[in-house]
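Here's the structure, in structure tokens; my notes come after.
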Amino acid sequence: MGACRPRRRVTVPVSELCTVEIESIASGGDGVARHNGLVVFVPRTAPGDVVLVHIEKKGRLARGVVELIGRPGASRVRPACDHYDGDRCGGCQLQHLEIGAQREAKQQIVRDAMRRIAKREVELPEMRHGTKAWEYRRSVSVAIRRDAVGIRAGFHAWDDMDRVFALTDCRIADPRLLVALREVMAAAALLPAVPNLRATLRLSRTGVVLVLEGGHEWRSHERFAAAVPTFEAIWWVPFGADRRLVHDRRSHAEPDASFNQVNPEVGDLLGSFVIERIRAHAPRTLVDAYAGSGDVAATMSHEGVQVTAIEMDEEAVAYCATRLAPGSRAVVARVEELIGRALPADVVLLNPPRAGVDAQVTAALEAARPHAILYVSCDPATLARDVSRLPSYRVTALTAFDMFPQTAHVETVCELVLERDA
């Protein structure tokens, strides 16, 4: 496979129709093929697929758009959601792969990032997963568009980020979220009267929470809240301003707006695993960086570990502080600004957002050299970059968690131990 028609040039022209065979899945979910010395990324393809593609060259890389699947790979399946192909939904990237192949691809993505970016020779990580490959999400974010046609809420097309289609189903979301979304859209005339909004719906312990982003004023928010009784709390983030709680009928103090688990089953597996690995190092002191509402910090503090929990969300820190045993503390701060003063510690837990940690954080860790670092990552590339900044540490274990089946996202726990202690 890989021969092109016409065959008049050795190099690929600006755009050409070629037949290629997909070898693997790249970070982000695209299939990877090779043609005339180029690496070609082809969305919505499976390993073993033989596809006719339009290739557009961009430097030493190329992007292919499928014209025809000549021979499907063994792991290709029919997507379960009509939006996936019908609307070219960008919410999932791997529905066309059977679940076992999805997980194998994610293992390869983690290992390849560590080898290519961190320059660490590692084995395939163990993959852990839950029992549900569908209807697992307890949070969804949709774009809301208002135009001459009307108001619609949905996801972006993967190949046209300006296009938003009307969402009627989402097979990976908890069905209660779809019921709540329909409630929002029935009252959509009471939303801020602007062309673009973003709404995030999250299941809490007792109901549904809405975070609405966009607009400069929302005078009808009380009438909107009365029209959506499913929602127990509504947050509004005006354009260019801080988040505001505009409706609250909650009877508990848990911070619903930011830190609920998207996939509680796998989230619990990951959390228990991290606590188990921290215990294995028998620390007397622990820094829990990016601590959220403090699940790990609270558990370890009540086991006699002196914990410093660092988090920039004030609501989460206030809640975390109520859960800690005496002698431990929760601090509102950016990790990069406080980490140097929070060290030394026996173990450091890092659980940063997708962008990874600031270079100041890895520099502080290299200077203080805690015995072990547990790094929880939602992006293999930024994990590998940050590990490359920790030359004093050996990667002793990598464990992947399939937190988001049907998508290309993968969570990874990287355990690093100081070379002299490993």
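Odds and ends about this structure:
- Subset of the stretch 146-157 [surrounded by 18 or more Cβ atoms within 10 Å (Cβ to Cβ) and out of contact with any Leu (no Cβ under 8 Å at 6 or more places or on another chain)]: H156
- Applying the criterion of being closer than 24 Å to V149 by Cβ, of a type outside the set (V, I, T) and in contact with a Lys or Arg (Cβ under 9 Å, 6 or more places away or on another chain) to the residues of the stretch 164-178, the residue that is surrounded by the fewest Cβ atoms within 10 Å (Cβ to Cβ) is A166.
- Qualifying residue in the stretch 315-338 (condition: of a type in the set (D, E, K, R), under 15 Å from L286 (Cβ atoms) and buried (at least 19 other Cβ atoms within 10 Å of the Cβ)): no
- Complete set of residues in the stretch 223-238 that are hydrophobic (A, V, I, L, M, F, W, C) and in contact (Cβ under 8 Å) with a residue 12 or more places away in the chain: F224, A225, A227, V228, F231, A233, I234, W235, W236, V237
- Filter result (modelled with pLDDT of 95 or more, in a loop (DSSP other than H, G, I, E, B) and surrounded by 18 or more Cβ atoms within 10 Å (Cβ to Cβ)) within the stretch 179-214: L191, P192, G214
- Those residues of the stretch 399-422 which are part of a loop (DSSP other than H, G, I, E, B), at pLDDT 95 or above and closer than 19 Å to H281 by Cα, in sequence order: none
- Scanning the stretch 164-174 turns up at least one residue that is of a type in the set (S, T, Y), touching a residue at least 12 places away in the same chain (Cβ under 8 Å) and touching a Gly at 6+ places or on another chain (Cβ under 9 Å).
- Filter pass, R120 being touching a residue at least 12 places away in the same chain (Cβ under 8 Å), assigned by TED's automatic domain parsing to the domain that holds V410, of a type in the set (K, R) and touching a helix residue (DSSP H, G or I) at 6+ places or on another chain (Cβ under 6 Å): yes
- Given (1) within 24 Å of the chain's Cα centre (by Cα); (2) under 18 Å from A113 (Cβ atoms); (3) not acidic (D, E), number of the condition V361 does not satisfy: (2)
- For R279, the stated conditions do not hold, so it cannot be described as under 29 Å from L191 (Cβ atoms), surrounded by fewer than 17 Cβ atoms within 10 Å (Cβ to Cβ) and charged (D, E, K, R).
- Meets criteria (surrounded by fewer than 21 Cβ atoms within 10 Å (Cβ to Cβ), outside any strand (DSSP E or B) and either aromatic (F, W, Y) or without any contact (Cβ under 8 Å) to a residue 40 or more places away in the chain (or both)) for T396: no
- The set of residues in the stretch 26-54 that are surrounded by fewer than 24 Cβ atoms within 10 Å (Cβ to Cβ) and more than 18 Å from L94 (Cα to Cα) comprises R34, H35, N36, G37, L38, V39, L52, H54.
- Subset of the stretch 341-379 that is in a strand (DSSP E or B) and not aliphatic (A, V, I, L, M) - its residue that is surrounded by the fewest Cβ atoms within 10 Å (Cβ to Cβ): Y375
- Selected residue (only one of R145, R171, R176 is part of a strand (DSSP E or B) and either over 23 Å from P43 (Cα atoms) or modelled with pLDDT of 95 or more (or both)): R145
- Of the residues making up the stretch 85-135, those that are closer than 23 Å to L383 by Cβ and part of a loop (DSSP other than H, G, I, E, B) number 14.
The values are calculated or read from the model by the stated rules, or taken from the named source; none is laboratory data. These figures come from a predicted structure and were not determined experimentally. We place every Cβ from the backbone using ideal geometry, glycine too, and count neighbours over all the protein chains shown.
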